[in-house]
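Read through the structure below, which is laid out as structure tokens, and then see the notes.
The values are calculated or read from the model by the stated rules, or taken from the named source; none is laboratory data. Keep in mind it's a predicted model, so treat the numbers as computed, not measured. Counting neighbours? That spans all protein chains shown, and the Cβs are built from the backbone with ideal geometry, glycine included.
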Amino acid sequence: MDHSATTPVAPEVLQAMLPYLSDKFGNASSLHSFGQEAKEALEESREKVAKLLAANPEEIIFTSGGTESDNLALKGIARRNKDKGKHIITTSIEHPAILETCKKLEKEGFAVTYLPVTREGLVDLAALEAAIRPDTILISVMHANNEVGTIQPLEEIGQLAAERDIYLHTDAVQSVGKIPTDVNALGVDLLSLSAHKLYGPKGVGALYIRKGTRLENIMQGGGHERGLRSGTENVAGIVGLAKAAELCSESMASEGQRLTELRDRLAGLVLEKVKDAWINGTMKRRLPGSLNFGFSYVEGESLLLFLDSKGIAVSTGSACSSHKLQPSHVLLSLGLRPEKCHGSLRITMGRSNTKDEVDYVAQSIAEAVERFRSISALGRE
């Protein structure tokens, strides 16, 4: 129940990768037949990934994952276009790969506006429009949030950006493979994705870069990937990403419907069984299979450990850092008080989850909350 953290490698993906981990071991930059065999696999993979995004193959750059793609997009655009302006707009609920990169760019002299979101976790389009300045060169808004599953109105944001000739980037790590991510319909110039979120291997991802977009590389080397991402390509991982993309294209509609039904069933069961519980974010614009619950008078970490003992993996709204619990920046941005943030659970379902498992999880959550409230002074008030 923690598929937003990572997904298992699909059997078909592993089978596609194995030849490139054994006999087909060539370097895609080599001119001999071993290298050309790897080069052919690389370009076929580029076509498959591009197809999932309704993009052109030459617009796909392979990276090590979502974090690198985000770094390349933001730093690459900012540094290459600083003569046009040094203002960037993003949101307060972005992944750390975006927020930390923006902090780095601020140290380089760029100005960054961090837009607040509504209680439902959505960007206010009027606030975005008001934040745009003559020197704004880039807007970066995630497609779907990794904690609460909220899907942002990228199409409208894309129109605003295009009308003002501003580049638009989206971190689509959580949405690619789960919902349609047609780069033209969304109106984005750059899009980040990661293989291990869609049943592919860890350590590989991609950045879509619309033709004509000007950005600077952030790694120097042998000039691989059109000079934007030097380093010998991870051919086996890229083949795995491509196979995962292909599988997602085939099953997205049916699997999305199935997970939406499981999501709504779990939401109903938990809210029925547990008092003083709620759902963080909106149910109207939410990823299939994604829920974020809040519970009064109980710590999310205690619930997580109890559920783990029952064979259930979930995430919580607090991250353990330097032995100090920090409330989720996403939930704080939604307007929750810190104590409310600490009582949260993220549940994200995937291909293997079933209706019986949903029922078991709902019952286990109810049991856990009742147990910990019974020993909590607040819960007895």
Residues of segment 258-294 being at pLDDT 95 or above and among the β-branched types (Val, Ile, Thr), in sequence order, are THR260, VAL270, VAL274, ILE279
Residue hits (segment 154-194; outside any strand (DSSP E or B), of a type in the set (D, E, K, R) and on the phi < 0 side of the Ramachandran plot) are GLU155, GLU156, GLU163, ARG164, LYS178, ASP182, ASP189
Somewhere in segment 78-101, is a residue surrounded by 22 or more Cβ atoms within 10 Å (Cβ to Cβ), without any contact (Cβ under 8 Å) to a residue 40 or more places away in the chain and under 25 Å from the mean Cα position of the chain (by Cα)? yes
In segment 265-282, anything touching a strand residue (DSSP E or B) at 6+ places or on another chain (Cβ under 9 Å) and either in the same structural domain as GLU147 (by TED's automatic domain parsing) or over 30 Å from PRO201 (Cβ atoms) (or both) is listed as ALA267, VAL270, LEU271, VAL274, ASP276, ALA277, TRP278, ILE279, ASN280, THR282
The one condition PRO201 fails out of (1) of a type outside the set (Asp, Glu); (2) part of a loop (DSSP other than H, G, I, E, B); (3) out of contact with any helix residue (DSSP H, G or I) (no Cβ under 6 Å at 6 or more places or on another chain) is (3)
Taking segment 78-128 and keeping only residues that are farther than 21 Å from LEU332 by Cα and in contact with a Lys or Arg (Cβ under 9 Å, 6 or more places away or on another chain), one is left with ALA78, ARG80, ASN81, GLY85, HIS87, LYS104, LEU105, GLU108, GLY109, PHE110, ALA111
Of the residues in segment 332-369 that are assigned to a helix (DSSP H, G or I) and modelled with pLDDT under 95, the one that is farthest from LYS310 (Cα to Cα) is SER333
Residues of segment 54-66 being surrounded by fewer than 24 Cβ atoms within 10 Å (Cβ to Cβ) and touching a Gly at 6+ places or on another chain (Cβ under 8 Å), in sequence order, are SER64, GLY65
Selection over segment 230-250 where residues are without any contact (Cβ under 8 Å) to a residue 60 or more places away in the chain and part of a helix (DSSP H, G or I) yields a count of 1
Those residues of segment 347-373 that are under 25 Å from the mean Cα position of the chain (by Cα) and surrounded by 14 or more Cβ atoms within 10 Å (Cβ to Cβ) come to a total of 9
Tell me, yes or no, whether segment 100-113 has at least one residue that is more than 23 Å from VAL204 (Cα to Cα), outside any loop (DSSP other than H, G, I, E, B) and β-branched (Val, Ile, Thr). yes
The condition from (1) free of Cβ contacts under 8 Å to residues at least 24 places away in the same chain; (2) crowded, with 20+ Cβ neighbours inside 10 Å that PHE34 misses is numbered (2)
When segment 295-326 is checked residue by residue, the ones that are modelled with pLDDT under 80 and aromatic (Phe, Trp, Tyr) are none
